[in-house]
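Reading through the structure tokens given below for one structure.
Values in this text are rule-based calculations from the coordinates and carry no lab data. Predicted, not measured: the structure shown is a model, and the values here were computed from it. Glycine gets a Cβ as well: all are built from the backbone with ideal geometry, and neighbour counts include every protein chain shown.
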Amino acid sequence: MLSLKKPLAFIDIEATGNNVSADRIVEIAIVKYIPDGSRTVKRKIINPQMPIPPSITEIHGITNEMVKDAPTFKQVAHEIKQILDGCDLSCYNAYRLDIPMLMEEFLRAEVEFDMKGRKVVDVQKIFHQMEQRTLSAAYKFYCNKSLDGAHGAEVDANATAEILFAQLERYPQLGNSIDTIHKAIGEDAIIDFARRFAYDDKGVEIFNFGKHKGRPVADVLKSEPQYYDWMMKGEFPMNTKQKLTEMYTRIMLKKF
């Protein structure tokens, strides 16, 4: 069984789509495990303030009618932040949708949610390093169960928790704590969740897209300061713009 030093929150999000900068959350479930062994569950339907495409409703089953009287994310942001206070986080494919979109919603709501001091366990990363499958296949493989109700946030969050616990039993090399899991599978060193920036092998911040891919951010912003303006006006996630501004401010201050 997992040995916890702090609460671990398993998160699953359903949204209007998978574009972090344009789409919005319609459902969030948080299954929270406490070091004393207790567990709490919080699930919320969210009004995304934009239409849910029929093709997306077919995936998660959430309709425009279901969300029309639900609270907006801004109205529940402080409650969600409080639930996650002091927690490490776990998701399935954590950095693709759930955590980036959650961070983006907090930024839109102007609620500060700090990831510093939190560890993130990506159950998919463990699965892919060990077996290479999908969430439903992982649930069948590790738990020998069929995932009925997949793409419902609470169902998926609970399944993610069960898979992690089964992985700990199957792979002793993972240990039984968040620290030992990170030691075994490694921890992604990321700058922004959309991965428009990355670190090179020397730890230097570089662009990870476009015409400047592979070039140090500092070099580009010093020689082409207008590139900062272009990105800030572009359709990049707010988290990406936030990190770009942090780097730009630090780089510009060094010039004087």
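What to note about this one:
- Peptides 185-197, 83-95 ranked from most to least packed give 83-95, 185-197, packing being the mean of other C-beta atoms within 10 angstrom over each peptide's residues.
- Segment 8-185 - charge dipole about Cα centre, Lys and Arg +1 at Cβ, Asp and Glu -1, debye rounded to 20: 320 debye
- Packing-based ranking, highest mean first, of 238-250, 158-170 given that Cβ atoms within 10 Å are counted: 158-170, 238-250
- Highest-fluctuation residue, GLY214, GLY37, GLY203 considered, GNM on the chain with Cα pairs under 10 Å: GLY203
- The label-point distance for ASP201 and PHE165, in a model that sets each label 7 Å from Cα toward Cβ, rounds to 4.3 nm.
- Between 0 and 90°, nearest 10: helix 73-83 axis offset from the chain longest Cα axis: 70 degrees
- Shape category assigned to segment 197-254 from the gyration tensor of Cα positions, a/c cut at 1.5: rounded
- Dipole of the chain [Lys/Arg +1, Asp/Glu -1 at C-beta], most positive-end residue of ASN176, LEU89, GLY214: GLY214
- Think of each Lys and Arg Cβ as +1 and each Asp and Glu Cβ as -1; about the Cα centre, that makes the dipole of segment 197-254 roughly 60 debye.
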